[in-house]
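Reading through the structure tokens given below for one structure.
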Amino acid sequence: MGLFNNIKFFVLCHGMLQLAQLMVSGYLKGSITTIEKRYGFSSQKSGLLAAFNEVGNTVLIVFVSFFGSRVHRPRCIGIGALFASLGVFLIALPHFIGGDYDYTGSGSNGKNNSSLCLSEKEVSNQTCDQENGDERLGVYPIFLLGQLLLGIGGVPIQPFGISYIDDYSKKRNSPFYLGILFAVTVIGPAFGYIMASFMLRFFVDIRKMNEIIFNNKDAKWVGAWWLGFLVAGTILFLTSLPYMFFPRKMTKEENIEVSAEPSSEKIIEDKIPKTDAMKDLSLTEFLKSFPNILMRTLRNPIYLLVVLAQVNLAAMVAGLATFMPKFIQKQFTQTASNSAMMIGGLNIPSAMLGIMIGGVILRRLSLSVKSSALMSTTVVLISIFFAIPLLFLGCPTQRIFDINHIGVKPDQCTLCSCSTDVFNPVCSSDGVEFRSPCHAGCRVEIKSETNEIKNYTDCACVASGTSLSYATPGPCGNGCANRLIPFMILSSLTCFVASLSHTPSFMMILRTVTPQDKSFALGIQFMLFRVLAFLPSPVLYGHAIDTTCIKWGEKCERRTSCIYYDLDLFRHRFLGLQIFFICGGFVSFLLTFLVLRKLNSTQQQDDQDNDKSKHEDREMKDVKQLLSSSNGQNTQQSV
């Protein structure tokens, strides 16, 4: 079992496990708008769903500090991963217990799927009863339960893995290993987004792929969101198995180099095994002493400030990762598949490259704690300058009938009795968007030889008001898709530059806490991440997005997901939150650097005072010796 006694192999396995774990996270966020559309969730509700795995994680992460020094860490990681894979399979369950997706809004999946102008309303009450009883009641709790299990299973993975690697690797190699680990795990969400892009190209009910007459660019399309969870859950299960064979304690990497780190940094040497005081505590004693231990840890100003900086950046990342695909989809009129591909293929690799280069810089330059703080402060400041122009790279809201544009002949439009459940947007010949052909007053549809609808004619609500007025399937768009490429470039640069601070900030924490508090400090760090960033941030972003909605969808007289947004408000509030959190990270890193500089100045002054005191002591000693010698000579002369 020599292979399982090698820290390099553990780093490889841990990278693969976190790759699979975060692939689930990336896939969920890449398909969140599809799930939202399929089940009629608001953005705030889908944000809570995306963040709910942090609930179980937050509740149990505290106990990592207690059990971290007394349990078989690799085995705990493997068991947790098995629970996480069970949660992933549970997330896919709603597709199999629910009915088929009704994309027509008419209750029949086949009749009136074009929703033409009708003289009387034809909506099946039976379908509404089925919708309420079949999907609404049980789907959301199942999603939440799956996310809860995923969060509980993920509790030991990162804290135990990081502390295990740092304990049994060379001090010089530890930043390099963690840099590789963080970079590899960033690929996980990227793979998740890319897999979402691929899976969402299939229709949600795969067996009906040959029956439907529209493609994934159509507003009625819902992709096979559930398929990726089955794939990711299987991978997560397989990557959990090697952890059952790693030893509880591993042979430490041979370290032949002499520490040359500045003593003024108070960097802790952990080559000599030290006892952990918490090993002697019972669980009850630990819980009683937890507040005191917590306050002792938080009194470390460097630890507290660095964690606050990381919390701000983590809150920004959590919100953007959840809703950036939706932002691109709505702002630049892209499909859900293309939006997920852009995030997974461009933004996340940029962040991965930044994390990796940050680790290399830290290792090559052997940066001290103070230098790491200066580097983090600088790169986050630069990222602010890249983020601000994003506020101005967007698109205006298109003209939408009866929302931000008044039709010329509203009296004629009332002749049609249109279902409020239908959302099948069309673009009229005068550039106005309607919710459906019925809302445009269209009575005739023109089809191609493949039975695909080319356009709608005889539309009473279109400006011309003649039989020649027509509308084409699909939304009008806002005519500024050419701004997408500059937006993605600036967004990727922001991700890259901000990510340079990731590895240095982690190493500042590992090198400024005592060895016996290392597991505890990491546990508190990840707990604060969840309580202050990962849990509230997606809900906050989702609420901000919901406040920009100008038209909500309806299903059986119930409000569902938003169908039209004020795009200017959407952009300003969504990206404004991003800049707010980046500025919070900058202020925290800057305070960290200032505190370190003050501590160094104080220590240098103390060293100078000690040197001066020693010099004065030597002078006094010399004077005393001189006086003693002089007195002796005088005595001899007197004699």
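The values are calculated or read from the model by the stated rules, or taken from the named source; none is laboratory data. No experiment lies behind these values; they were computed from the predicted model shown. Cβ coordinates were reconstructed from backbone atoms using ideal geometry, including for glycine residues, and neighbour counts include every protein chain displayed. Keep in mind that these areas ignore ligands, DNA and RNA; they rest on the heavy atoms of the full protein, side chains included. Shrake-Rupley method; radii C 1.70, N 1.55, O 1.52, S 1.80 Å.
Might you check whether a residue that is in a helix (DSSP H, G or I), touching a residue at least 60 places away in the same chain (Cβ under 8 Å) and surrounded by fewer than 20 Cβ atoms within 10 Å (Cβ to Cβ) occurs anywhere in segment 466-482? Spell out how you get there, then give the answer.
Kept after step one, since they are in a helix (DSSP H, G or I), are these residues of segment 466-482: 481-482.
Next, only the ones that are touching a residue at least 60 places away in the same chain (Cβ under 8 Å) stay: 481.
Still in the running and surrounded by fewer than 20 Cβ atoms within 10 Å (Cβ to Cβ): 481.
Yes, because at least one residue in segment 466-482 is in a helix (DSSP H, G or I), touching a residue at least 60 places away in the same chain (Cβ under 8 Å) and surrounded by fewer than 20 Cβ atoms within 10 Å (Cβ to Cβ).
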Of residues in segment 526-557 being in a loop (DSSP other than H, G, I, E, B) and among the hydrophobic types (A, V, I, L, M, F, W, C), the one nearest to ASN312 (Cα to Cα): LEU535
Do we have GLY78 as touching a helix residue (DSSP H, G or I) at 6+ places or on another chain (Cβ under 6 Å), within 19 Å of PRO536 (Cα to Cα), crowded, with 19+ Cβ neighbours inside 10 Å and modelled with pLDDT of 85 or more here? no
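Restricting to segment 353-382, name every residue that is of a type in the set (A, V, I, L, M, F, W, C) and open to solvent by 50 Å² or more (accessible area, probe 1.4 Å).
First pass over segment 353-382, keeping only residues of a type in the set (A, V, I, L, M, F, W, C): 353, 355-357, 360-362, 365, 367, 369, 373-375, 379-382.
Hits for segment 353-382 are LEU353, MET356, ILE357, VAL360, ILE361, LEU365, LEU374, LEU381, ILE382.
Residue by residue, here is whether (1) closer than 26 Å to GLN44 by Cα; (2) touching a helix residue (DSSP H, G or I) at 6+ places or on another chain (Cβ under 8 Å); (3) modelled with pLDDT of 85 or more; (4) part of a helix (DSSP H, G or I) holds:
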position: LYS288; (1), (2), (3), (4): no, no, no, yes
position: LEU294; (1), (2), (3), (4): no, yes, no, yes
position: ALA318; (1), (2), (3), (4): yes, yes, yes, yes
position: SER339; (1), (2), (3), (4): yes, yes, yes, yes
position: ARG363; (1), (2), (3), (4): no, yes, no, yes
position: ILE384; (1), (2), (3), (4): no, yes, yes, yes
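One line per residue, one yes/no per condition, for (1) under 16 Å from ALA51 (Cβ atoms); (2) not β-branched (Val, Ile, Thr):
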| site | (1), (2) |
| --- | --- |
| LEU305 | no, yes |
| VAL317 | yes, no |
| MET324 | yes, yes |
| GLN329 | no, yes |
| THR335 | no, no |
| ASN338 | no, yes |
| LEU346 | no, yes |
Scope segment 155-180; condition farther than 19 Å from ASN57 by Cα, surrounded by 23 or more Cβ atoms within 10 Å (Cβ to Cβ) and hydrophobic (A, V, I, L, M, F, W, C); matching residues: LEU178
When segment 156-181 is checked residue by residue, the ones that are farther than 12 Å from LEU17 by Cα and of a type in the set (A, V, I, L, M, F, W, C) are PHE160, ILE162, ILE165, PHE176, LEU178, ILE180
Can ALA224 be described as closer than 19 Å to ALA92 by Cβ and open to solvent by less than 20 Å² (accessible area, probe 1.4 Å)? yes
For segment 528-548, indicate whether the set of residues that are modelled with pLDDT of 85 or more, open to solvent by less than 20 Å² (accessible area, probe 1.4 Å), of a type in the set (Phe, Trp, Tyr) and on the phi < 0 side of the Ramachandran plot is non-empty. yes
Is it true that some residue in segment 478-501 is on the phi < 0 side of the Ramachandran plot, in contact with an Asp or Glu (Cβ under 7 Å, 6 or more places away or on another chain) and modelled with pLDDT under 85? no
Given the criteria within 30 Å of THR397 (Cα to Cα) and of a type in the set (Gly, Ala, Ser), does GLY553 qualify? yes
